[in-house]
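Report on the following structure.
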Amino acid sequence: MSAITRSTPTPRDTRDPDGSAAHTPAFGRESLSAPLPRPDARVAPHASWKFQDRYELWVDWLQRDSAGRWLPYENVQQRTFRTREDTLLHAERLIQRGEFPMQGGRAAPVTLIRNRREALLSTFREAEGDGVTLIREALFPVGEYALSLKVTCERLADEIRTAFGHGGNPLRSLAGQPVKLTVLIEHPYDVLGRARGLLDFHDGTLRLDGETFSFPNGAPVTGVPYRNATVAVSRGFMKRPKLYRFEIEEPAGE
């Protein structure tokens with residue numbers, strides 16, 4: 001029987017974040033006669049869910065196919081920076097050096113780039129994106145190849161550690177979203193079960209794929225809001241905890 005469906009003892013009492021005693025339901029999967037009401041997916045952000053922008057520079061060689069389309073050929077560089085200014089400055093320094101190596105000894109496009117560094121720099125400076133997630137995107141043809149330079153921005157929440165019963169539990173940010181669940185024990189790595197579907201989060205109880213999960217209020221939770229959350233459930237002295245890892249289900253093709 002999968003560990004997801006295995007019954008477990010009721011853990012010790014824990015306390016709510018305000019210090020008051022709270023009833024702690026048994027954790028694991030249990031049956032309900034009526035479905036949980038679907039919560040509003042637009043969960044108000046908690047104060048602990050702080051965001052930061054992550055900027056990335058992507059440099060790739062593309063190659064034209066028989067239909068004239070530019071297709072990915074070879075990656076040159078992908079780097080992450082803290083600020084927009086640092087990203088753009090690094091990109092310009094990279095262009096001025098003219099170093100975009102290719103594997104397999106294909107030196108012709110590299111040599112052409114070195115001779116056209118000013119033109120490439122001008123193209124990059126004039127490039128535009130949507131100004132939000134895509135800062136700049138430049139495509140510079142060099143014979144049968146093209147050099148692609150792209151600067152993107154992704155806003156991510158910081159990873160947080162809290163208790164399941166706390167208002168900052170990152171699982172709350174996944175409510176109403178398609179998620180995948182992996183139940184496992186690490187070291188030795190052992191997957192005990194999987195599930196996927198829309199996540200219901202109501203009155204401290206989760207429902208996913210037709211099953212309900214309850215956790216003690218004091219169970220530690222680690223995760224990145226709007227992306228993932230892992231609940232660790234103790235299995236007793238000298239045993240590795242059982243981990244319930246919830247992750248946003250990415251759309252097909254991403």
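The values are calculated or read from the model by the stated rules, or taken from the named source; none is laboratory data. Everything numeric here is computed off the predicted structure, so don't read it as measured data. Every residue, glycine among them, receives a Cβ derived from its backbone with ideal geometry; neighbour counts consider all protein chains shown. Ligands, DNA and RNA are stripped out before the accessible areas are found, and what is left, the full protein with its side chains, is counted by its heavy atoms. Shrake-Rupley method; radii C 1.70, N 1.55, O 1.52, S 1.80 Å.
Can you tell me which residue is farthest from G168 (Cα to Cα) among those in the stretch 219-251 that are aromatic (F, W, Y) and open to solvent by 10 Å² or more (accessible area, probe 1.4 Å)?
F237
Picking from G223, G204, G193, which residue would you name as being among the small types (G, A, S) and in contact with a Gly (Cβ under 7 Å, 6 or more places away or on another chain)?
G204
I'm trying to understand the selection: among the residues of the stretch 185-200, which are assigned to a loop (DSSP other than H, G, I, E, B) and either surrounded by fewer than 18 Cβ atoms within 10 Å (Cβ to Cβ) or modelled with pLDDT under 90 (or both)?
Residues satisfying the conditions are E186, H187, P188, Y189.
Is it the case that A47 is assigned to a loop (DSSP other than H, G, I, E, B), at pLDDT below 80 and out of contact with any Ser or Thr (no Cβ under 9 Å at 6 or more places or on another chain)?
no
Going by the structure shown, is R161 over 30 Å from L120 (Cα atoms) and at pLDDT 95 or above?
yes
Of these, V132, V59, which one is in a loop (DSSP other than H, G, I, E, B) and either among the small types (G, A, S) or out of contact with any Ser or Thr (no Cβ under 6 Å at 6 or more places or on another chain) (or both)?
None of the other options fit; the residue is V132.
Filter the stretch 70-97 for residues that are under 16 Å from A146 (Cβ atoms) and within 26 Å of the chain's Cα centre (by Cα) and give the result.
The answer is L71, P72, Y73, E74, N75, V76, Q77.
I'd like the full set of residues that are out of contact with any helix residue (DSSP H, G or I) (no Cβ under 9 Å at 6 or more places or on another chain) and either touching a residue at least 12 places away in the same chain (Cβ under 8 Å) or outside any strand (DSSP E or B) (or both), limited to the stretch 62-75.
L62, Q63, R64, D65, S66, A67, G68, R69, W70, P72, Y73, N75
Which residue is nearest to R136 (Cα to Cα), if the candidates are limited to the stretch 50-85 and must be among the aliphatic types (A, V, I, L, M) and surrounded by 15 or more Cβ atoms within 10 Å (Cβ to Cβ)?
L57
Per-residue answers, yes or no, for (1) exposed (fewer than 13 other Cβ atoms within 10 Å of the Cβ); (2) touching a residue at least 40 places away in the same chain (Cβ under 8 Å); (3) over 28 Å from D158 (Cα atoms):
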residue	(1), (2), (3)
T87	no, yes, no
T111	yes, no, yes
R116	no, no, yes
R125	no, no, yes
D130	yes, no, no
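Please go through the stretch 172-184 and give me each residue that is among the small types (G, A, S) and buried (at least 20 other Cβ atoms within 10 Å of the Cβ), ordered by number.
Passing the criteria: only S173.
State all residues of the stretch 137-171 that are open to solvent by 40 Å² or more (accessible area, probe 1.4 Å), touching a residue at least 24 places away in the same chain (Cβ under 8 Å), more than 30 Å from T222 (Cα to Cα) and not hydrophobic (A, V, I, L, M, F, W, C); if no residue qualifies, say none.
Residues satisfying the conditions are G143, E144, K150.
Could you please find all residues in the stretch 201-210 being among the charged types (D, E, K, R) and surrounded by fewer than 18 Cβ atoms within 10 Å (Cβ to Cβ)?
D203, D209, listed by residue number.
Go through F124, F100 for me and flag whichever is assigned to a helix (DSSP H, G or I), within 31 Å of the chain's Cα centre (by Cα) and over 30 Å from L206 (Cα atoms).
On inspection, the qualifying residue turns out to be F124.
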